[in-house]
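Let me begin by presenting the structure, written as structure tokens, before commenting on it.
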Amino acid sequence: SVIRRVYSRLLGNWVQVDITSSPEERQNKSSLYNLHTVKELYDLTDSENSVTISWDSYFEEVFFDIYDPEKKGLTWNKTNVVVRDVHFFHMIESVLAGERNKTMQILRDFLTWKIIFDFAEDVTNELRELLFEFHTVTEGIETPEPLWKTCTKQTQQYFGMALSYHFVQHYFDEEYKKEATDLLEDIKNSLKKTLTAPGDKELGWMSAQSKLRAINKLDKLHAFVGHPDWLMDGGDISKKPLLITELDEYYYHLQLDKDNDHFDNMVEVLEWDSREELKLIGGPRNRDRWTVDPIAVLALYWPIHNSITLPAGILQHPFYGAPVQYLNYGAAGSLIGHALIHSFDFKGKQYNADGTLNKWWDAETERNYAKKTECFMNKFKNYTTDEQSIPIHWKQSILDESLAENMGLKLAYRAYRAHVRSDGEEHLLPGFNATANQLFFLSYAQMWCSGFRNEIAASIQNGAYTPSQFRESGGLHGSLDFARAWSCPVPPVDANCNIWSS
């Protein structure tokens, strides 16, 4: 079909000009942090082929009407910029200086299709229908998304704080903010006990020095729970329409016109979003700034701030809010544990307690961790999807996610048992012939109940996460706690594969 030919051509052109580093290479954050002045950018990209990128013009255009570089103490030729992919910038001139007609056609095709995909849903019904046909072929989508859902997603993406205000005001129980903070502390204490266990009982692969640094990093963890306090300043805005609040200030520079068509307003929204981000350049790092909208449904660890975010959106059913804690610890608790472990994985080890790019593991810890993760990976590499026997392509990102899932669940279960020892056992769910410990694991498993279509096999193979069924089984892999709770045969303890304790 025409769509398949277009899709193949797009992929083919992408391969022809693909000069970027691989996803695996990008896992090493130190290799992506390369400071260059703008003058040095010229040295990096200039060539004998008379192909010159005018970096001065580029930055002047990007920062036009943002601020005066001179007044903010910035001068383009002396300003440091981070070049994340040196190889790309070194090779870009060879792409531009290649067979000119062919190269320019590829670049025109790429930019044209990029704009079409970015704005197809914001123009006409006809283009939306064509985009749907494309996704039907490439992703197996059977019915188009209702327009109301598309509009809701866009509103959430660009007006997340405004939506969060109404969500928090009408649907969020403020008690959950305190309770979730206490739950986070319980999970942190569970992790600290693992880090401070004597000798080689828990983390024999981590040196004493690295353990001390890990404890320091955990102690300095910055938590964002529920929503920022400023979001609700001024109370009910609907009752005080003239009140200028911090929420008003947040959107102050966004100028939408009800007489414009949707496309023009979307362009204005995107420009505003970019301007607000660019304004942060040159200023001090603000570790108290919320980078996630409170309405988001996720639990996130952010290494450059050494912070964890538990927004109001995740503090609701089916993740949180049950009247019994074994359900809350099994779902939300395991998500929190998962996020915390990212502070100590391949990416987390590259950022210290202050969020600075600075490896804090010593060589001994690095070597031991590599051996154990190889053992862990070997146990999972034969996982395939049931329907198509699609193999999971193991790589660093999937390894990190699987390890975080495995240990995050362990931390949550240990925290739950500590909670029981402190507060006592709770009533069981009526109608369920299951213990509290079993219900803990059922709550965890229910969270990952999902399915996928055959057409998205490529994303399964190349994504950062395994399919949900493997996230669940990966979290339970080798779990003595799960085996004891359900009276299963106790799995053999493989000390060489035991990364974060049994």
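Quick notes on this one:
- Number of positions in segment 296-308 that are within 19 Å of MET447 (Cβ to Cβ) and either touching a Ser or Thr at 6+ places or on another chain (Cβ under 9 Å) or basic (Lys, Arg) (or both): 6
- With respect to being among the hydrophobic types (A, V, I, L, M, F, W, C), at pLDDT below 90 and more than 30 Å from SER274 (Cα to Cα), VAL123 falls outside the description.
- In segment 22-75, residue farthest from MET91 (Cα to Cα) [restricted to those that are modelled with pLDDT of 80 or more, part of a loop (DSSP other than H, G, I, E, B) and of a type outside the set (A, V, I, L, M, F, W, C)]: ASN28
- Note on segment 246-279: among residues that are of a type in the set (D, E, K, R) and closer than 15 Å to ILE66 by Cβ, the one that is surrounded by the fewest Cβ atoms within 10 Å (Cβ to Cβ) is GLU277.
- Considered as a group, the residues in segment 136-151 that are of a type in the set (D, E, K, R) and either touching a strand residue (DSSP E or B) at 6+ places or on another chain (Cβ under 8 Å) or not in a helix (DSSP H, G or I) (or both) include one that is least open to solvent (accessible area, probe 1.4 Å), and that residue is GLU145.
- The numbered conditions (1) at pLDDT 95 or above; (2) touching a His at 6+ places or on another chain (Cβ under 7 Å); (3) open to solvent by less than 10 Å² (accessible area, probe 1.4 Å) are all true for GLN325 except (3).
- Scanning segment 431-441 for any residue that is surrounded by 14 or more Cβ atoms within 10 Å (Cβ to Cβ), under 30 Å from SER307 (Cα atoms), modelled with pLDDT of 90 or more and among the aromatic types (Phe, Trp, Tyr) turns up at least one such residue.
- Residue in segment 120-133 that is surrounded by 12 or more Cβ atoms within 10 Å (Cβ to Cβ), touching a Phe, Trp or Tyr at 6+ places or on another chain (Cβ under 7 Å) and assigned to a helix (DSSP H, G or I) present: yes
- Filter pass, GLY408 being within 19 Å of SER307 (Cα to Cα), at pLDDT 95 or above and open to solvent by less than 10 Å² (accessible area, probe 1.4 Å): no
- All positions within segment 285-320 that are of a type in the set (A, V, I, L, M, F, W, C) and assigned to a loop (DSSP other than H, G, I, E, B): TRP290, VAL292, ILE295, ALA296, VAL297, LEU298, ALA299, ILE304, LEU315, PHE319
- Each residue in segment 296-322 was checked for being of a type in the set (Gly, Ala, Ser), open to solvent by less than 20 Å² (accessible area, probe 1.4 Å) and touching a strand residue (DSSP E or B) at 6+ places or on another chain (Cβ under 6 Å), and 3 pass.
- Hits in segment 342-371 - residues which are modelled with pLDDT of 90 or more, more than 15 Å from LYS211 (Cβ to Cβ), open to solvent by less than 40 Å² (accessible area, probe 1.4 Å) and not small (Gly, Ala, Ser): HIS342, GLN350, TYR351
The values are calculated or read from the model by the stated rules, or taken from the named source; none is laboratory data. Everything numeric here is computed off the predicted structure, so don't read it as measured data. Neighbour counts are summed over all protein chains in view; Cβ atoms, including those assigned to glycine, are modelled from backbone coordinates with ideal geometry. Accessible surface is based on the protein model in full, side chains and every heavy atom, while ligands, DNA and RNA are left aside. Shrake-Rupley method; radii C 1.70, N 1.55, O 1.52, S 1.80 Å.
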